[in-house]
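The values are calculated or read from the model by the stated rules, or taken from the named source; none is laboratory data. Quantities reported herein were computed from a predicted structural model and do not represent experimental measurements. Methodologically, a virtual Cβ is constructed for each residue, glycine included, from the backbone with ideal geometry; neighbour enumeration extends over all protein chains shown. Just so you know, the surface numbers come from the protein's heavy atoms only, side chains and all, with ligands and any DNA or RNA stripped out. Shrake-Rupley method; radii C 1.70, N 1.55, O 1.52, S 1.80 Å.
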Amino acid sequence: MAKVTMYTTGVCPYCQMAERLLRSKGVAEIDKIRVDTDPARREEMMSRTGRRTVPQIYIGERHVGGFDDLAELDREGGLEPLLAA
């Protein structure tokens, strides 16, 4: 299964929904990067993604986006093949 990395905060409902969706697809491990406790990591996230909001999700080296992007990818049938790569 592809590596999943998620920029997150401790109190983000969209982060929690993204995690639930990923777990429902069989993802056992998510590398969570807390941007609320480390300002340098927030800067890293904004530099990598061009976005300021969390979650920001990577599957492998591909930037998927936030929860809405992840949910749309799943609805279109693209999430499972990406996770399996």
Estimated distance in nm for a label pair at Arg52 and Val11, the labels positioned 7 Å out from Cα along Cα-to-Cβ
1.9 nm
Any residue on another chain or 5+ positions along whose placed amide H is under 5 Å from the amide H of Asp36 is listed here as Gly10
DSSP bridge pairs, the chain: antiparallel proportion in percent, nearest 5
60 percent
For Gly65, the residues 5 or more places away or on another chain with a placed amide H closer than 5 Å to its own amide H are Ile57
Accessible surface of Thr9 - all protein chains present, 1.4 Å probe, nearest 10 Å²
30 Å²
Work out from phi, with θ = phi - 60° and the Karplus expression 6.51 cos²θ - 1.76 cosθ + 1.60, the ³J(HN,Hα) of each residue of the range 77-85, listed in order in whole Hz, and give x for Gly and Pro.
x, x, 6, 4, x, 5, 5, 6, 5
At 0.36 nm per residue, and after removing the present C-alpha to C-alpha distance, how many nm does the segment from Lys25 to Arg41 gain when stretched out fully?
3.1 nm
For Rg/Rh (Cα atoms, Kirkwood Rh) the list reads (1) 0.94; (2) 1.06; (3) 0.97; the calculated value is entry (1)
Kyte-Doolittle mean at least 0.0 and Cα extent at least 20 Å along the axis: which DSSP H helices of the chain qualify?
none
